[in-house]
Structures are given as C-alpha cells and as structure tokens.
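Report on the structure given below.
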Amino acid sequence: SLASTAITCFTRGLDLRKETEDVLCPANCPLWQFYVFGDGVYASLSSVCGAAIHRGVISNAGGAVRVQTLPGQENYPAVNANGIQSQVLTRWASSFSVTRTKNTVLEVVGQSVSTARPSTGKRPKKLLDKKAGNKDCKADIAFLMDGSYNIGQRRFNLQKNFVGKVAVMLGIGTEGPHVGVVQASEHPKIEFYLTKFTTAKEVLFAIKELGFRGGNSNTGKALKHTAQKFFSLENGARKGIPKIIVVFLDGWPSDDIEEAGIVAREFGVNVFIVSVAKPTTEELGMVQDIGFVDKAVCRNNGFFSYQMPTWFGTTKYVKPLVQKLCSHEQMLCSKTCYNSVNIGFLIDGSSSVGDSNFRLVLEFISNVAKVFEISDIGSKVAAVQFTYDQRTEFSFTDYTTKEKVLSAIRNIRYMSGGTATGDAISFTTRNVFGPMKDGPNKNFLVVLTDGQSYDDVRGPAAAAQKAGITIFSVGVAWAPLDDLKDMASEPRESHTFFTREFTGLEQMVPDIIRGICKDFLDSKQ
C-alpha cells in the first residue's frame, strides 16, 4: 500500500514533486477560492484539491486523490462542475489529471488533514524540508513596523515580539515566504530586504536587534517608499509571487496615507493594515482622515484590515493573520495594469504615411509596449497592419517576452496602400482578440491612422467595444476628428488623441499608458 501526503487547499499541481503522487485533500476548502484551469486535464497552475472536486473525485469533505503529471497543452477549457467554475488558459507548460486512489495508508496524522488552512508548522518533521520552508505559502512580505513616538519604546518591543511570532509561523524558507522589515517614523528606514535572511531563526534574531527610532508617525511616507523601492528584482523580489506590505499602526498616521495606497496598488502590492489601539472618540479630532484604513488597504472588503485591541496578549492573533497572508487567491492587488492587459496595435500602412513616418509609428508602439510586464502569465501585445487589406504582424500568443515583442515591432515592414479602418477593426476583433476573450486580462486596442477611412468605422468600433475591448484612437495629420471620436471608447475625450505631425506621437506615450491604467483600475473597482 502507498502512503499519502497531506496537502492544503492551495497546493497546486506544480508544487508536487513526483510523476504520480497520492495526496490527501483537507475538508471544507472554500470553493470560491479555488483556481482551476481546464477540464479533466488541468493546467499545473491549478489547485489540486480544486481540480479533484471539479472532476468529482472527492467532495468538499476532502479525501485521497492520485495526481498524475501530464505534458502541457494549449486551450484548457472553462467548465462549470460540482460547484467550481474552471477557467480558460491558452497555454501552460505542464498538466495533471486526478483519479481516485486505492487503499491508501495515511502517512500524516493530526490536524493538518482535517482543517482547511495553509499549513503553519503543524506538519510532521519528515515532510517539512527545513530550508525550503512552507511551499504552500508563496509571498514576498514587508513588515512595515511602527517606530514612532505614538507607540513608544515599550510597546515597540511588544510589536517586535508579535512580528517575530508571525515570521516563525509563516514558515520562511527558500521556496516559501520571504520577509523583510521597514521601520516607519519621521523618515522610513529599510532595516533588511527579502533575501537577507532565509530562515525564521535569522529573521527572529534580526527583529530582536531592531532599534527604536522615534519621531512622527509618517506611515504614508513609509508606505509609499516601501511600495516603490522595496520590491525590486535586484532587492530580491520574485516574479509572479504576491508582494505584500503589512502595515502596523499604533493609533493613527501623522501624514496622508491615501496617495501611498494608490501608489502601492499601482505597483501591484497588497497592503494590509494591522491597527492597534484605534483612536478613541476624544482622539478622533486629531486624526487627519478618519477613513485612513479603508484608503490604504488593497481592497476595502474587510479582508485586508486587521484589528488588535492592544499589544498585550496578541498570541491568538498570530495564526489568523498568517492564514490571510498565505491566501494566495485573495491577493487582489497582485494584478495591475502593467501585468494583466492585452494591448493590440492597429497600424495604418496606407501610402500617405510614408516610410520615415512609419518608423516613427513603430517607435511610438515600442515605447508604449515596453512599459508593460510581458510574459506568459502577464501582459501580452499584438499588432495588425492595414491598408484595404489586413495583415496580422504577430498575435498575442506569438511572443511571451518583452525582448521578442520589441524585436517583432522593429521588424514590421511597411505595406503602403489604401485605408479601410472599419474592416481592419472587425478583422482584429475577430482574429486577434477572439481567441483571448475568456482570458483573465483586460483587452485594449490602440488604433493609429493618418487619414479618412474609406469605410464606416462606427459599427465595427461599437462591436469591438461590445466584445469587451477598450479602444484608444490616435490620429495624425489628416485623420478626421469625427472618425477618431467615433472609434474611441467612452468617455471619448480621454480616449481620443490627435497630433499634426508624426513627431508629436512621442509626447502621447505617457498619456496612453496612464489611460490604460486608469481604465484597468476602474474596471476592477
């Protein structure tokens, strides 16, 4: 008989090491938190237990499942089954299938099986590879500690104890969570970055050594600084792993925190606020902005704010906070306009443009594209050139790195011919955006033209918008304003651009990027 390994609700196919593995799913996993891609054959990005329930191998009461690794494939379908809606994925490098297991003996005894939670150290020694840490909790976390006069030396020490306990329970390790610490006071100080320490013991020691700084509680300043500087790749942030800032606040901030919250969201950082000793009724008059928690957190849905009455007796608050930090699927702010959009460029190749201006158009497209995080799990770019005819230069799935996309843009050859913009929009909607329509990214089309279209643009543009594509129209030289406005999405003013000269395209780059990001954020609220 074979032994089974206990896994958590959040373990994905790609977290398992063997070709064939017998696992044990816990009971009562929250169905709505499952990410499942495909049907029968599941992309290895999927939750194993989610796939098993979707397939009908187990119910939500948990149980034994055999997981078989399979090669990757294209076009995993979306199917609703057994209370789980699986999602579409165009392509993934590996897959798995799930079946019932025969007569298994359970290798693991105790709590980690019966309860639906990310494992937090209750696993038996032999299953936990110490160095790797808790692989079920993938997160890059900055603890933003309060070092202001508000908290004072004594409570600062209690805060250190609490943060230390959280760090230990997280299961820090090379393949698990990584943590760093920033101290907020008058000026923020990054105490240590994510890669400095790789074990809980080292982190605990580093936290114990922290000195109290004192000063005003400029939490907004510290949050903004941390969101912008802490998570760079050279400072050890990992690609595709949720970035989290846990802000500890004793009392209230002395500065404005709203702008910092906006910056953090734009940088794809999930902000949690742990507030201790909320302002009393008498103190509220001193608080600059009573709604400071709601404005700073990732989403004002209750999940990202956490309250403790005092710094005393906080042990019981450790585990629930760790569970939140390990709930990968809840990190709604990891998706940003930079890593979760598809941008199609529709390029006028008519004879009035001319060779040298066509180069300027390609430069403009490159400058917009290069700001985005292009990858197989991130943003994607496509380009179509049109005259009376249309030519797909490259589709969304052709290139999955920024270098390849930029080189493909440079290599686009100028067609020269007439101008049928309406036809071109219909062609792009059908052939380029069609295959992406159930994907997770938001769709944008940037139309560049220098003249009057010979056909109707209003109908095709309306159909594209109905299909979920946001259109920005960019006109140069003789492009009529009416055409540009007819193509653009609402509000038309902010989606329509015009310049007399092709050299004016360069100035529009930041506005187009800002427009895409604004639409992306509005669609998420």
Can you pull out every residue in the range 470-509 that is small (Gly, Ala, Ser), farther than 19 Å from ASP456 by Cα and not in a loop (DSSP other than H, G, I, E, B)? SER494, GLY504
Would you check if ASN80 is open to solvent by 60 Å² or more (accessible area, probe 1.4 Å), without any contact (Cβ under 8 Å) to a residue 60 or more places away in the chain and not basic (Lys, Arg)? yes
Across the range 6-30, which residue is modelled with the lowest pLDDT among those that are more than 16 Å from GLN330 (Cβ to Cβ) and surrounded by fewer than 19 Cβ atoms within 10 Å (Cβ to Cβ)? ARG17
By my count, helices (runs of 4 or more DSSP H) wholly in the range 131-247 with at least 3 residues that are within 20 Å of THR315 (Cα to Cα) and open to solvent by 10 Å² or more (accessible area, probe 1.4 Å) are 152-170, 200-209
Among the residues of the range 31-52, which ones are surrounded by fewer than 24 Cβ atoms within 10 Å (Cβ to Cβ) and in a helix (DSSP H, G or I)? LEU31, TRP32, GLN33
Answer yes if at least one residue in the range 500-507 is among the β-branched types (Val, Ile, Thr) and surrounded by 13 or more Cβ atoms within 10 Å (Cβ to Cβ), and no otherwise. no
For the subset of the range 186-216 comprising residues that are of a type in the set (Gly, Ala, Ser) and over 29 Å from the mean Cα position of the chain (by Cα), which member is farthest from ALA132 (Cα to Cα)? GLY215
All but one of (1) part of a helix (DSSP H, G or I); (2) surrounded by 19 or more Cβ atoms within 10 Å (Cβ to Cβ) hold for PHE272, so report the exception by its number. (1)
Hits in the range 257-267 (condition: assigned to a loop (DSSP other than H, G, I, E, B) and modelled with pLDDT of 90 or more): ILE257
Flagged in the range 38-85 as in contact with a Pro (Cβ under 8 Å, 6 or more places away or on another chain) and closer than 22 Å to ALA6 by Cα, in numbering order, are CYS49, GLY62
Cβ-Cβ under 7 Å pairs, at least 6 apart or on other chains, the range 330-345 side of a type in the set (A, V, I, L, M), far side open to solvent by 30 Å² or more (accessible area, probe 1.4 Å) and assigned to a loop (DSSP other than H, G, I, E, B): LEU332/ARG299
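Give ASP486, ASP522 a once-over and let me know the one that is at pLDDT below 95, out of contact with any strand residue (DSSP E or B) (no Cβ under 6 Å at 6 or more places or on another chain) and open to solvent by 10 Å² or more (accessible area, probe 1.4 Å).
ASP522
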List, please: which pairs have Cβ atoms under 7 Å, are six or more places apart or on different chains, and start with a residue in the range 247-268 that is free of Cβ contacts under 8 Å to residues at least 24 places away in the same chain and within 18 Å of ASP140 (Cβ to Cβ) and end with one that is crowded, with 24+ Cβ neighbours inside 10 Å and among the small types (Gly, Ala, Ser)? none
Any residue in the range 354-372 that is closer than 30 Å to THR8 by Cα, open to solvent by 30 Å² or more (accessible area, probe 1.4 Å), within 19 Å of the chain's Cα centre (by Cα) and not small (Gly, Ala, Ser)? no
What about ARG391, is it in contact with a strand residue (DSSP E or B) (Cβ under 6 Å, 6 or more places away or on another chain), open to solvent by 50 Å² or more (accessible area, probe 1.4 Å) and farther than 17 Å from PHE497 by Cβ? yes
As an exercise: evaluate PHE372 against (1) farther than 24 Å from LEU89 by Cα; (2) modelled with pLDDT under 95 and give the number of the one condition it does not meet. (1)
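The values are calculated or read from the model by the stated rules, or taken from the named source; none is laboratory data. Computed from a predicted model, the values in this text were never measured in an experiment. Note that we place each Cβ from the backbone using ideal geometry, even for glycine, and neighbour counts take in every protein chain shown. Note: accessible area is taken over every heavy atom of the protein model, side chains too, but ligands, DNA and RNA are not part of it. Shrake-Rupley method; radii C 1.70, N 1.55, O 1.52, S 1.80 Å.
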